[in-house]
Amino acid sequence: MDNRSDLNISGIGKAQGGSYSHIRLDGMTKINGDTECVTLDSNGTLTVEGALQSDTVSVNGTATVEGGLSANKVVLDGMVTVKAHAVCQDLLTVNGRLSIGSRLDGEKVEVFGSLKTRDDVQCEVFSVHGGFSVDGLLNAGLIDVKMNMPCRVQEIGGESIMIRRLKKFSVLEQFVPSLSAKLQAHTIEGDEVDLEYTEAEIVRGNDVRIGPGCKIGRVEYKNRLKRDGDAVIGTAHQI
């Protein structure tokens, strides 16, 4: 580890992939090949033509990783694309937009903006202030979503699930429903499920609240079901 060299680029530059200690990039940089390092700090535009593995990753600007991303801590400020599987062992913070071409695995995921994955999301804590699109299963112990844009997922599984809306209903949403800040899902299942502005086919839980703006086809609950606001439920069954 101590024998690794640092990589520092300021302006417009290129570098070969490989094993580095600390990478500091300011400007427009392209790294050719798989890259491994202790820390990566990019300010500007970065393209990694391969996979990226690092203890910590910080991006301020735009970045594209053609392969997978593996790190302990990741802080993204801007627009970032990861073409393959992304793994963040500790904390992933997104301030802007993150697009992942495969699945996302992590411990704690914080999104202040938008997240899009082409596959499942698996983590312990999933917190969103903004929106997300998951082409698969979102599975987390704690799910706390505050929407200000459309959200979409195939399935949600968790212990505590709370879905809220950040902003009030706007006139624009009335004429363009696709812009409405609401969650669309097929199945939502958890111990405690508290939903607002959600459309789903099936909701299952021990304690379930179906709040305003919800349209649910079928609700299955073990202990309690609370329905309020203008919620619409097709059928409800205590199991």
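The values are calculated or read from the model by the stated rules, or taken from the named source; none is laboratory data. Owing to the predicted nature of the structure, the values given are computational and were not obtained by experimental measurement. Counting neighbours? That spans all protein chains shown, and the Cβs are built from the backbone with ideal geometry, glycine included. To get the accessible areas, we keep the full protein, side chains included, count just its heavy atoms, and leave off ligands, DNA and RNA. Shrake-Rupley method; radii C 1.70, N 1.55, O 1.52, S 1.80 Å.
What the table shows:
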{"read-out": "Under-5 Å amide H pairs with I188, H placed in peptide plane, nonlocal only", "value": "I156, I202, V203, R204"}
{"read-out": "Anisotropy class of region 54-123 from Cα gyration tensor, a/c 1.5 cut", "value": "rounded"}
{"read-out": "Local electrostatic count, Q184, Cβ distance below 11 Å [Lys/Arg +1, Asp/Glu -1]", "value": "+1"}
{"read-out": "Accessible surface, the chain, averaged per residue in Å² (probe 1.4 Å)", "value": "47 Å²"}
{"read-out": "Environment charge at I23 (Cβ cut-off 12 Å; Lys +1, Arg +1, Asp -1, Glu -1)", "value": "-3"}
{"read-out": "Theoretical ellipticity at 222 nm over the chain - DSSP helices of four or more residues, -39500 (n - 2.57) apiece, nearest 500", "value": "-500 deg cm²/dmol"}
{"read-out": "Accessible surface of region 34-186 [probe 1.4 Å, protein heavy atoms]: carbon and sulfur percent", "value": "51 percent"}
{"read-out": "Set K182/K226; K108/K215; K14/K73; K30/K182; K73/K215; K83/K108 screened for pairs whose C-alpha atoms are more than 31 Å apart", "value": "K30/K182; K73/K215"}
{"read-out": "Heavy-atom accessible area order for I188, I12, largest first, 1.4 Å probe", "value": "I12, I188"}
{"read-out": "Packing-based order for 71-82, 215-226, using average beta carbon neighbours within 10 Å, highest first", "value": "71-82, 215-226"}
{"read-out": "Distance between modelled label sites at T64 and T81, nm, 7 Å Cα→Cβ extension", "value": "0.5 nm"}
